[in-house]
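Report on the structure given below.
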Amino acid sequence: MRWFGFGFNAFAQICVPDKSEKEESGNAVGQEKVCVPVDLVNHRGRTKIRASWSRRASLFLDEDSCVRLAGFCASISSNESFSPVTANTSGCQDAAISETHLTLALPGRIESWDLQSKDKTPSWSMEMTQSQNSDVNLPLVPGGYISSKPPIFRSLSSHLQAKSLALGGEHAVLLTAAGAVYTWGQGSHGQLGHGGLISEEEPRTVEALWGMSMRSVAAGGWHSVCVGDGGDLYVWGWNESGQLGLPSRGLRKASQQKSDQQAGERCGSFSTCPDEEPHEEVFISIQAFPALVDVSPSCEISTVSCGSRHTAAVTTTGYLYTWGWGEYGQLGHQTTSSLDEPQCVEFFRNENLHVVDVVCGSWNTFTAAVKKEVLGLENVPELPPVSTGSELWTTC
């Protein structure tokens, strides 16, 4: 398995520069924007990646299950193995990274280290029994979860039977063992999915999804996503950058202005073009209830992840689709375009790669893929030509 990264790279959280890389290639290393997926050559085999705005945490499972950091302040550790002063990451089973804390699920305990402190002890820790240790799925921990902001530990009722938890900018999306979805936190952009813009202090079920079993959830800065047992994708929240995959007024307006400019150039400054019949479009700024998005007509969704204002989904046939804000190349379409329609990332298709996982940082994207021939998938049907949809194109 190989990992690829693209998007915001101002802190070298995608491409970690070393002397040889600087001499051999000036393409991605040191660039703020990485528009073409870059192979993370040191991330072969069984590896998990977690990302925040300025950092990437990599959990290497094929070695001694150690954690390595890339990005802001990663240089404080020696030989690239991140160790906040005295933390031993050997044997780590899961990790979570935020702008302020690194949380490690270690044998028999969980530790959360303040990345802005030089203390030689974790800022928070919890001892676990053997049975608890096997069930850890960060940010969930026994009795609650680890928040991206202080206080680090937040309690959760055991009656929720939490299976997984996604933390957004100021909200949380929880999936129960029964497949129900609960949300809480800030609701100013409809990101809680309750039909209004009201915040919730306690977990509240998303009633619009009641009776439909979900298998995964994700949360962005101001939007939320979940995948049903049947592979359907549901979205809600803010759509200012097209991150829901629904028509965005801002993107359509920019696209229309570009089309008008091109039409004017074709017609010339001293002639007029035939008027097109006006048609009324429906735009979505805030989607306060879950909406079904058809990513690919012939494929189900296997996994999904959200950045601050972009979304990435992997189909069961191994294709990666992205949409939303693309200013830093985080959509992987080799431009800094923004999209309000899901579009297949052609890079992986052209490289004959089967995508198996995707993890979004705030402004970047990390994807795991395997060569199709390794999986015996050489004869998987090709997709139809990609439609550019309504997008804002700029040069990377």
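The values are calculated or read from the model by the stated rules, or taken from the named source; none is laboratory data. Here the structure is a predicted model, which means the values were calculated and not measured. Methodologically, a virtual Cβ is constructed for each residue, glycine included, from the backbone with ideal geometry; neighbour enumeration extends over all protein chains shown. Accessible surface is based on the protein model in full, side chains and every heavy atom, while ligands, DNA and RNA are left aside. Shrake-Rupley method; radii C 1.70, N 1.55, O 1.52, S 1.80 Å.
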Give me the one-decimal nm value for the distance between modelled label points at H159 and N88, 7 Å along each residue's Cα-to-Cβ direction.
4.2 nm
Whole-number value, in Å³ per residue, for the convex hull of the alpha carbons of segment 293-335 is 71 Å³
Starting from the Cα-Cα distance between L61 and S117, subtract it from 0.36 nm times their residue separation and give me the gain in nm to one decimal.
17.4 nm
Is the C-alpha gyration tensor of segment 125-260 telling us rounded, prolate or oblate? Criteria: a/c under 1.5 is rounded; beyond that, a/b larger than b/c is prolate, otherwise oblate.
prolate
Show the residues, 5+ positions off or on another chain, whose built amide H is closer than 5 Å to the amide H of G187.
S199, E200
Specify whether the C-alpha gyration tensor of segment 108-167 places it in the rounded, prolate or oblate class, a ≥ b ≥ c being the square roots of the eigenvalues: rounded for a/c under 1.5, otherwise prolate if a/b is larger than b/c and oblate if not.
oblate
How large are Rg and Dmax for segment 90-195 when calculated on the C-alpha trace, in angstrom?
14.4, 46
Restricting to Cα pairs below 8 Å that are 6+ residues apart, what does the relative contact order work out to for segment 209-252? Please round to a whole percent.
24 percent
In this structure, among K120/K149; K48/K163; K149/K253, pairs with alpha-carbon gaps over 25 Å are K149/K253
Check: C-alpha center segment 325-359 vs C-alpha center segment 192-257, spacing in Å is 20 Å
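Indicate the gyration tensor shape class of segment 195-242 (rounded, prolate or oblate), computed on the Cα atoms with a ≥ b ≥ c the square roots of the eigenvalues: a/c under 1.5 is rounded; otherwise a/b larger than b/c is prolate and the rest oblate.
Cα axes put segment 195-242 in the oblate bin.
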Give me the distance in nm between label points sitting 7 Å out from Cα along the Cα-to-Cβ direction at L292 and C73, one decimal.
4.6 nm
Can you tell me the length gained on complete extension of the stretch R249 to R46, counting 0.36 nm per residue apart and subtracting the Cα distance?
68.9 nm
Can you give the accessible area of H189, probe radius 1.4 Å, in Å² rounded to 10?
40 Å²
For Y328, what accessible area in Å² do you get when you roll a 1.4 Å probe over the heavy atoms of the protein chains, rounding to the nearest 10?
30 Å²
Average accessible area per residue (Å²) across segment 86-190 - probe 1.4 Å, nucleic acids and ligands excluded:
45 Å²
